[in-house]
Each structure stands twice: as C-alpha cells, then as structure tokens.
Amino acid sequence: MLIMKKQPSVDLGFVSLIGAGPGDPELLTIKAANRLIEADIVLYDGLVSTEIVKMAPRAQRFCVSKRARRPAVSQETIQRLMVRSARRGKRVARLKSGDPFVLGRGGEEALALKTAGIPFEVIPGISAAISAPGLAGIPVTHRGLSSAFTVLSGHAPEVFKPVLQSLDPSAMTVVVLMGVYYRKQIAKTLLGNGWSPETPCSIITAASTPKMSFWAGCLKDLAALDRTSDNCADLPGTIIVGEVARLSGVIGSGAMSTETVDAIAWQREG
C-alpha cells in the first residue's frame with residue numbers, strides 16, 4: 001500500500017527530480033511512486049521502463065530520450081520544458097533512470113530550476129552502479145577483495161580514458177555505466193595501464209528486467225569480445241572490473257530470482 005503524502009502547496013507548480021532505479025517498478029521508492037500518481041506532466045528518459053511510466057495514469061507523458069548514437073532531445077530543451085510547465089502551475093515528474101545525481105545530469109537540472117526560481121525536490125533512486133552487480137551476485141566491496149569502488153561513464157573515450165589511466169591496477173572495483181559499446185576500448189585502456197589480463201570482469205545488461213543478461217570473463221576476454229551484431233550494445237549495460245566479479249559464480253548461483261521469491265510468497269499466503 002502506498003503512503004500518500006501531498007506535495008507542498010505552491011502557486012508556481014512543482015518539479016520532482018525522480019530516480020527510477022534500474023528498471024523493475026518494485027525497486028522504486030514509495031515517494032517516487034506517489035509523485036508519479038500525483039503528476040500532471042511526466043518527462044521521462046528513454047531507459048525508463050514502460051511499467052514505471054504507466055504509474056502516472058493522469059499525466060501527460062513525454063519521452064525526452066538522450067541515448068547515445070540516437071536522435072536526442074537537448075538538455076536545454078528538457079530544462080525549458082520543466083520550467084515552463086511549472087510556471088503554468090503543473091506538477092512535473094522528471095523521471096530519470098537510476099539516480100538523478102549519478103551520471104544523470106540531475107545536478108544541471110536542479111541548478112536550472114534553482115536559477116529559474118522553481119520549487120523542486122530530489123527523490124533518489126537505486127543506481128545501476130550498485131543494483132546491477134548486486135542482482136548478478138557481485139558486491140562492489142567485499143572484505144579481503146576490495147574496500148572501495150569507483151563509478152564512471154563509459155559513453156565516450158575522451159571521458160573514461162583519463163579516469164581509467166589514473167587508477168592504480170586492481171586498487172579498487174571499477175564500475176562503468178553506459179560503457180558496453182566501448183567495452184573493448186575500456187579493457188584495452190586498463191590493460192595498457194598495468195592491469196592484469198586475468199582480472200575478472202562482468203557485463204550486466206538490462207538489470208532487473210526480463211531482458212537482463214550476464215557475461216563473465218576477464219580483461220583479456222573483454223578486450224576481444226565482439227558482440228556488436230547482437231542487441232548487447234543497445235541495452236543499458238554495466239561493466240564491473242575487479243576481484244569481486246569472481247563472486248558472481250558463488251553468490252549469484254544461490255540468489256533466488258524475483259519471480260521465485262514472489263512465487264514462494266504467494267504459496268505461503270495461499
């Protein structure tokens with residue numbers, strides 16, 4: 001049951017910067033679900049699942065996708081839409097995949113709203129940086145293996161290369177979001193910086209959804225992985241590099257799927 005809590009009463013309208021999580025609607029926060037129910041307008045990213053978008057039944061819904069290598073709505077246009085809608089007294093839900101402030105440009109949108117004098121709130125979501133590996137049985141930190149992790153965007157070589165080149169080999173777990181397309185370059189950059197070719201790594205795509213897939217190997221395999229002919233590069237993907245990736249074969253094999261847990265719960269209730 002949802003706990004209904006009304007937004008503040010303001011003359012201008014209101015914007016909620018909402019993290020939609022990795023895709024499964026059940027991983028939304030209660031506050032996020034409530035804001036969608038109350039929304040007049042929803043501006044959602046292309047990676048947000050249809051099931052989540054449909055949780056705003058009374059709202060006008062607009063896809064403002066910015067997926068790589070595809071036609072995109074500019075960031076400036078999105079910000080203008082939020083400001084204009086709020087000034088018309090609308091309750092706006094800006095729905096972003098994962099968490100708004102983790103490689104989601106949520107900070108830019110918050111600053112634009114602040115500058116325009118628009119009331120807004122930030123509703124955190126579960127980032128794929130931790131949810132995707134977790135769902136695959138990979139803890140990003142684990143005693144004796146890794147006590148830290150770094151998260152970076154893999155959407156462009158000029159963005160990820162300086163970061164990867166600054167990391168000491170195997171000093172921490174590396175989590176790359178939006179990096180499946182450039183997986184070879186990511187692996188080769190790490191190898192060129194002294195990382196062992198045998199370093200475990202994994203790719204999780206479409207985490208928490210029915211299309212979720214998992215690949216496991218090591219850096220030398222990732223550097224040679226040729227999967228451009230399938231849909232892998234078009235799905236939201238998370239790359240994990242580090243010793244913790246070995247645990248997927250142990251923890252992942254023992255973890256029950258959501259469908260299994262739901263079935264057990266249903267049987268007990270019955």
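Summed over all non-identical Cα pairs, the Kirkwood treatment of region 130-247 gives a radius of 13.9 Å. Each residue of region 145-160 is assigned a 3J(HN,Hα), and the resulting list reads 10, 7, 10, 7, 9, 10, 10, 9, 8, x, 7, 8, x, 5, 8, 8 Hz, derived from the Karplus form 6.51 cos²θ - 1.76 cosθ + 1.60 (θ = phi - 60°), x at Gly and Pro. Remark: for residue pairs 188/211; 90/114; 54/90, the C-alpha separation exceeds 24 Å in 188/211.
Fewest first, what order do 220, 211 take by the number of other Cβ atoms within 10 Å? Don't jump to the answer; show the numbers that get you there.
On the way: 220 16, 211 12.
By the 10 Å Cβ count, ascending: 211, 220.
As a length-normalised measure over Cα pairs under 8 Å and 6 or more apart, the relative contact order of region 14-125 settles at 42 percent.
Derived from the Cα gyration tensor, the three semi-axes of the equivalent ellipsoid of region 14-125 are 18, 16, 13 Å, largest first.
With an a/c value of 1.5 or above and a/b larger than b/c for the gyration tensor axes a ≥ b ≥ c computed over the alpha-carbon atoms, region 50-185 is described as prolate.
Between the alpha-carbon centres of region 74-115 and region 25-63 there is a gap of 14 Å.
Report the gain in length on full extension from residue 142 to residue 75: 0.36 nm times residue separation, minus Cα-Cα distance, nm rounded to one decimal. Before the final figure, lay out each step's value.
Working: separation 67, 0.36 × 67 = 24.12 nm, distance 3.74 nm.
The span from residue 142 to residue 75 would gain 20.4 nm if fully extended.
Scoring 126-133, 30-37, 48-55, 91-98 by mean Cβ neighbours within 10 Å over their residues and listing the highest first yields 91-98, 126-133, 30-37, 48-55.
In nm, what is the difference between 0.36 nm times the number of residues separating residue 198 and residue 84 and their Cα-Cα distance? Could the numbers behind the result be given before it?
Values: separation 114, 0.36 × 114 = 41.04 nm, distance 5.26 nm.
Gain in length upon complete extension: 35.8 nm.
The residue list 141, 106, 167 was ranked by how far each Cα lies along the charge dipole of region 72-188 toward its positive end, using unit charges on Cβ atoms, and 106 comes out on top. On the beta carbon distance between residue 114 and residue 30, with R0 = 25 Å, the FRET formula returns roughly 0.45.
Only the coordinates and a few stated rules stand behind these numbers; no lab work does. In this text, all values refer to a predicted model and were calculated from it rather than measured experimentally. Cβ: placed from backbone, ideal geometry, glycine included. Neighbour counts: every protein chain shown.
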